[in-house]
Amino acid sequence: PDGPEIRRLAALAGEMVVVAGYCERDDAGARYNSAVCVTGDGVLANYRKVHQPLREDLSYRAGDGFAAFDSPVGRLGMQICYDKAFPEAARALALDGAEIVVSVSAWPLSATNAHPDPAQDRWMRRFDLFDRARALENQIVWLASNQMGTFGSLRFAASAKVVDPGGEVLATTGFAAGTAVAELDVAAVVESARRVMGFLRDLRPDTYAAAAPSPAAA
């Protein structure tokens with residue numbers, strides 16, 4: 001996070017708040033699939049991907065937690081790709097006060113039973129469903145990016161989006177390269193969504209089973 005590449009990213013950010021993914025190497029030489037949040041003033045926060053699919057652990061060490069942080073646009077949290085499949089990850093950020101979660105991804109189209117229409121692809125439908133569900137169940141603003149194009153045998157189909165705290169998609173690139181842009185008052189829309197039905201307020205953690213899977217589920 002203190003390397004020249006990230007310093008350059010911060011200089012480019014200027015007055016904007018920018019989240020970007022990168023390969024991070026720590027002082028011991030371990031590599032992480034990471035995301036960094038910067039403004040022109042420097043690094044606001046760094047995140048190391050926690051959940052690792054498909055033997056990603058052969059290339060990267062896993063992160064160990066989720067934490068929200070303050071930014072000029074509101075309290076933020078960051079996730080990377082597969083993290084969005086785990087409701088506990090977004091919930092941990094929301095409980096830490098996150099009003100916005102930024103989810104950066106390289107989420108591919110299905111490698112088996114591929115559909116020629118990305119809108120009908122089962123993995124892209126899951127990508128979109130996760131984005132909307134995580135926003136709705138935590139009543140937060142959800143920002144999702146995704147790779148577009150091909151990388152080896154993998155195909156990617158974007159679907160970057162801005163989702164409001166009600167789970168409604170305010171803007172999306174669709175299945176094409178581009179930028180999804182929406183204008184909103186973050187604090188106001190979060191407060192409005194939680195005014196009557198406050199999902200975080202009405203939690204009953206004393207009634208829920210432990211998060212660790214049973215031997216049968218694992």
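Contact map, region 98-122: residues that are over 30 Å from Ala45 (Cα atoms) paired with residues that are assigned to a loop (DSSP other than H, G, I, E, B) and open to solvent by 20 Å² or more (accessible area, probe 1.4 Å), Cβ distance under 6 Å, separation 6+ or inter-chain. Pairs shown: Pro118/Phe175; Asp121/His115. The single condition among (1) buried (at least 19 other Cβ atoms within 10 Å of the Cβ); (2) farther than 15 Å from Ala89 by Cβ that Ser59 does not satisfy is (1). Within region 22-39, the set of residues being closer than 22 Å to Arg8 by Cβ, out of contact with any strand residue (DSSP E or B) (no Cβ under 7 Å at 6 or more places or on another chain) and open to solvent by 40 Å² or more (accessible area, probe 1.4 Å) comprises Asp27 only. Tallying residues that are open to solvent by less than 30 Å² (accessible area, probe 1.4 Å) and either of a type in the set (A, V, I, L, M) or over 17 Å from the mean Cα position of the chain (by Cα) (or both) within region 167-182 yields 3. Do we find a residue being in a strand (DSSP E or B) and over 16 Å from Asp131 (Cβ atoms) anywhere in region 80-95? No, every residue in region 80-95 fails to be in a strand (DSSP E or B) and over 16 Å from Asp131 (Cβ atoms). In this structure, is Val43 farther than 26 Å from Phe86 by Cα, surrounded by fewer than 19 Cβ atoms within 10 Å (Cβ to Cβ) and touching a residue at least 12 places away in the same chain (Cβ under 8 Å)? Yes, satisfied. Of note, Asp64 does not satisfy the criterion of being open to solvent by 50 Å² or more (accessible area, probe 1.4 Å) and under 21 Å from Val162 (Cα atoms). From the list Asp164, Asp206, Asp117, the one residue that fits, being more than 20 Å from the chain's Cα centre (by Cα) and open to solvent by less than 70 Å² (accessible area, probe 1.4 Å), is Asp117. With respect to the conditions (1) more than 25 Å from Cys23 (Cα to Cα); (2) assigned to a helix (DSSP H, G or I); (3) among the aliphatic types (A, V, I, L, M), Met124 falls short on a single one, namely (1). Looking only at region 93-110, count every residue that is among the aliphatic types (A, V, I, L, M) and either open to solvent by 30 Å² or more (accessible area, probe 1.4 Å) or over 19 Å from Asp70 (Cβ atoms) (or both) and tell me the total. Qualifying residue count, region 93-110: 4.
The values are calculated or read from the model by the stated rules, or taken from the named source; none is laboratory data. Keep in mind that what you see is a predicted model, and the values were worked out from it rather than measured. Note that each Cβ is placed from the backbone with ideal geometry, even for glycine, and that neighbours are counted across all protein chains shown. The accessibility values were calculated without ligands, DNA or RNA, using every heavy atom of the protein model including side chains. Shrake-Rupley method; radii C 1.70, N 1.55, O 1.52, S 1.80 Å.
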